[in-house]
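A short write-up of the structure that comes next.
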Amino acid sequence: MALVAPIEYSILKAAVEAKSLESIAAELGTRAENLMRYVESLRSRGLLSVERRKVEVYELTEEGLRYAREGLPELRALKSARCEELCVVEVPDTAEGKIILANLARYGLRPRGQRIEVDRGELERVIRTVEERQRALEQLASGGGAPAEIYAEFLKRKLIKKSVKTEIYIKTVVDLSAVRAAQLKTVLTPEDIRTGAWREIALKPIDLSVEVPPAPSPVPHFFQEFLNYVREVMVGLGFEEVRGPILEYEFWNFDALFQAQDHPAREVHDTFFVKWEGELPEPPPRELMERVAAEHEAGWGYKWSPQKALGLVMRSQTTATTIRALAERGEGQYKVFTIGRVFRPEHIDAKHNVEFHQLDGIVVGPGLTFSHLLGQLEQIAKALGMQEVKFRPAYFPFTSPSVEVYARHEKLGWVEFGGAGIFRPEVTRPLGVERSRVLAWGWGLDRIAMILLGIDDIRDLFTWDLGKLQEYYRRWESFKRGVGARGVKFTL
Ligand SMILES: N[C@@H](Cc1ccccc1)C(=O)O
């Protein structure tokens, strides 16, 4: 038993005797185009045969169509005749007048100059003849036929033209009792599968060749451009960019930052721990692991586990990347930054997302102080176009002293957008950095974008709403134009 859609069943029923698709469409009250895909689907399942026949058809020319609508010009002329003893038809000396005279001559009416004189009986005979042509023309216009001699006349007069059309004839090649109309669906639900209902459902074919309506053309994404802008600003301030992996060893995300292995932030609720059997980042140097181990054991007084340090996390801070840079370069004078995604299992709200972007930077050199740090942070904030920032004392396991950095958001008030501090000796010592001091900070770029562009909800940075995206892009463009042109005020 073949299952077919209700419309397919109607087609099969209508085509038990071979018929043209056009006539079946008319029978079913639709257009042939609408049936094509069902016909094709029935054919491909061997339920229907399809034959294409070339047929000669007559089509009205533009002129023919116009006369079908407005009436043949000679008919109009004949009807304007004024009759006394004789009837008189006045024909204007125009292009149309010429057509009128030529056609009236066909029916035996000879003009004298621009006028035709004819007796009433003759006039009525010719009017009937021409009216017959007019009816034929209108019939042709509405898809009907006409007497053979009229085709010849109209062809000569160029009111119709011959063309070859392909007609589709279909015939059902299956016994109707072997076919059943079934429910037609485009999507099967888990329920349909569980209950076995799928057996009774016909899947509606989807025609992938159909043109879809054009979608509004996308603009570049404002936040992507914003991230590039931050990158440019940092490079402009003399920083060098470094990059690091998103799937990171706990070692770089925590241990190298002197975050104890039993530190609360390392518990499941603050970090995404990853079970991973794919390719791994290159492991940290053994020797470095040993020095970090010694630092932890002396400082925190517990047994440091190398296995724990080689666990994998979705990095929760891009400080994991700047600390890699510090380990690689060691002692010296340099400034590096990184921009990248970080991940935290947060409760999502207007200010928190589980995935956001940080700008981390370090400035390395002998003799650097806390004032240098605050000055550096101010300079970056200013270069990014921020109006006012505030610092508050804070705690991070890897810096001392430490601050949190705040800026004012139009709607949300003072928003913390990052932390900063000077790396503790416990962090720098195992990396071989003993003479230099390291200023470090990590800022949330999503929040900075919200502050600069007046976006009220962090989730909006990833909105699918094209209207919002366009609005934010406009704001971003006008922000970019204004950078450097605004009065900047800082408060310590
Ligand atoms: N990594 C910290 C920010 C920070 C970076 C560097 C020094 C101090 C603080 C955070 O994610 O919140």
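The values are calculated or read from the model by the stated rules, or taken from the named source; none is laboratory data. Remember, predicted model here, so these are calculated numbers, not experimental data. Here the Cβ positions follow ideal geometry from the backbone for every residue, glycine too, while neighbour counts run over all protein chains shown. To get the accessible areas, we keep the full protein, side chains included, count just its heavy atoms, and leave off ligands, DNA and RNA. Shrake-Rupley method; radii C 1.70, N 1.55, O 1.52, S 1.80 Å.
Considering only residues that are within 16 Å of the ligand (Cβ to nearest atom) and assigned to a helix (DSSP H, G or I), which ones fall in region 288-327? Let's see the steps before the verdict.
Quick first cut of region 288-327, residues within 16 Å of the ligand (Cβ to nearest atom) only: 313-327.
Those that are within 16 Å of the ligand (Cβ to nearest atom) and assigned to a helix (DSSP H, G or I): THR319, ALA320, THR321, THR322, ILE323, ARG324, ALA325, LEU326, ALA327.
Summed over region 198-256, residues that are touching a residue at least 24 places away in the same chain (Cβ under 8 Å) and in contact with a strand residue (DSSP E or B) (Cβ under 7 Å, 6 or more places away or on another chain) total 21. Entry remark, region 142-171: residues being surrounded by 13 or more Cβ atoms within 10 Å (Cβ to Cβ) and either more than 20 Å from GLU96 (Cβ to Cβ) or among the β-branched types (Val, Ile, Thr) (or both) number 11 in total. Of all residues in region 382-404, those satisfying the criterion of being under 18 Å from VAL363 (Cα atoms), within 15 Å of the ligand (Cβ to nearest atom) and in contact (Cβ under 8 Å) with a residue 24 or more places away in the chain are PHE396, PHE398, THR399, SER400, PRO401, VAL403.
Filtering region 269-299 to residues that are among the hydrophobic types (A, V, I, L, M, F, W, C), without any contact (Cβ under 8 Å) to a residue 40 or more places away in the chain and over 20 Å from THR322 (Cα atoms) leaves TRP276, ALA298. When we screen ARG110, ARG135, ARG125 for residues that are under 27 Å from GLU90 (Cα atoms), in a loop (DSSP other than H, G, I, E, B) and open to solvent by 90 Å² or more (accessible area, probe 1.4 Å), the only hit is ARG110. Only residues that are over 18 Å from GLY236 (Cα atoms) and surrounded by fewer than 17 Cβ atoms within 10 Å (Cβ to Cβ) were counted in region 332-364, giving 11. Look through region 405-419, keep the residues that are within 13 Å of the ligand (Cβ to nearest atom) and among the hydrophobic types (A, V, I, L, M, F, W, C), and return whichever of them is farthest from HIS221 (Cα to Cα). Applying the filter and picking the extreme gives VAL405. Looking across GLU33, GLU56, one residue alone is modelled with pLDDT under 95, open to solvent by 50 Å² or more (accessible area, probe 1.4 Å) and out of contact with any strand residue (DSSP E or B) (no Cβ under 8 Å at 6 or more places or on another chain). It is GLU33. Pairs meeting the criteria (first residue in region 313-329 and closer than 7 Å to GLY244 by Cβ and open to solvent by less than 10 Å² (accessible area, probe 1.4 Å), second residue of a type in the set (Lys, Arg) and away from the ligand (no atom under 13 Å from the Cβ), beta carbons under 7 Å, at least 6 apart or on different chains) are THR321/ARG243.
Of the residues making up region 420-441, just one is surrounded by fewer than 21 Cβ atoms within 10 Å (Cβ to Cβ) and within 11 Å of the ligand (Cβ to nearest atom), namely ARG424.
Residues in region 76-94 that are part of a helix (DSSP H, G or I) and open to solvent by less than 80 Å² (accessible area, probe 1.4 Å) were compared, and the one that is nearest to VAL130 (Cα to Cα) is LEU78.
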